[in-house]
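The values are calculated or read from the model by the stated rules, or taken from the named source; none is laboratory data. All values derive from a computational prediction rather than experimental measurement. Cβ placement follows ideal geometry from the backbone for every residue including glycine, while neighbour counts extend to all protein chains displayed.
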Amino acid sequence: MPASSRQSRHLPAFILLALAEGPLHGHAIRSELQETLPGYKADPGATYRTLQALEEAGDVTFHWDTNSRGPARKVYTLAPSGWDRLEQWKADIETRLTFLQAFLDRYDHSKGNRVSPK
């Protein structure tokens, strides 16, 4: 599976987490993800498509910032349902971490049983 596919699977969670710290516009969200996630390389379109899906789901709201220089920008805020969705992501990730740790533990244990080819 390409790295970008793996990253985009959890992109909504990371966007919601960025917005949990305060309102941001789309470019600021992308910058935040690039600064905080090692190796983050999702294309800009994926970020904006994900923001649109989160908006349609009611997990984020926005207002237009017309006070900045340049064109108006959408500034996104986490909606109450977005906080609930963030809790769901947290629970899901904790479960995945438990499974992945069980895999790693079992893998380490099985390395002692490795049979060398003749």
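Given the criteria at pLDDT below 95, surrounded by fewer than 17 Cβ atoms within 10 Å (Cβ to Cβ) and acidic (Asp, Glu), does residue 92 qualify?
On the way: at pLDDT below 95: no; surrounded by fewer than 17 Cβ atoms within 10 Å (Cβ to Cβ): yes; acidic (Asp, Glu): yes.
In short, no.
Residues being assigned to a helix (DSSP H, G or I) and under 14 Å from residue 13 (Cα atoms): count how many of those fall in region 53-95.
Pass one, region 53-95, residues assigned to a helix (DSSP H, G or I): 53-56, 80-95.
Cutting the leftovers down to under 14 Å from residue 13 (Cα atoms) gives us 53-55, 81-94.
Qualifying residue count, region 53-95: 17.
Out of region 1-25, which residues are farther than 13 Å from residue 77 by Cβ and modelled with pLDDT of 85 or more?
9, 10, 11, 12, 13, 14, 17
Filter region 10-50 down to residues that are among the small types (Gly, Ala, Ser), free of Cβ contacts under 8 Å to residues at least 40 places away in the same chain and assigned to a helix (DSSP H, G or I) and give me whichever is nearest to residue 97 (Cα to Cα).
Once the filter is applied, the top-ranked residue is 18.
Does region 26-48 hold any residues that are charged (D, E, K, R) and at pLDDT 90 or above, and which are they?
Passing the criteria: 30, 32, 35.
As an exercise: evaluate residue 108 against (1) loosely packed, with under 12 Cβ neighbours inside 10 Å; (2) touching a residue at least 60 places away in the same chain (Cβ under 8 Å); (3) of a type outside the set (Val, Ile, Thr) and give the number of the one condition it does not meet.
Among (1) loosely packed, with under 12 Cβ neighbours inside 10 Å; (2) touching a residue at least 60 places away in the same chain (Cβ under 8 Å); (3) of a type outside the set (Val, Ile, Thr), residue 108 violates only (2).
Please work out if residue 118 is outside any helix (DSSP H, G or I), modelled with pLDDT under 95 and either of a type outside the set (A, V, I, L, M) or surrounded by 11 or more Cβ atoms within 10 Å (Cβ to Cβ) (or both). Write out each step before concluding.
Numbers: outside any helix (DSSP H, G or I): yes; modelled with pLDDT under 95: yes; either of a type outside the set (A, V, I, L, M) or surrounded by 11 or more Cβ atoms within 10 Å (Cβ to Cβ) (or both): yes.
Against the criterion (outside any helix (DSSP H, G or I), modelled with pLDDT under 95 and either of a type outside the set (A, V, I, L, M) or surrounded by 11 or more Cβ atoms within 10 Å (Cβ to Cβ) (or both)), residue 118 qualifies.
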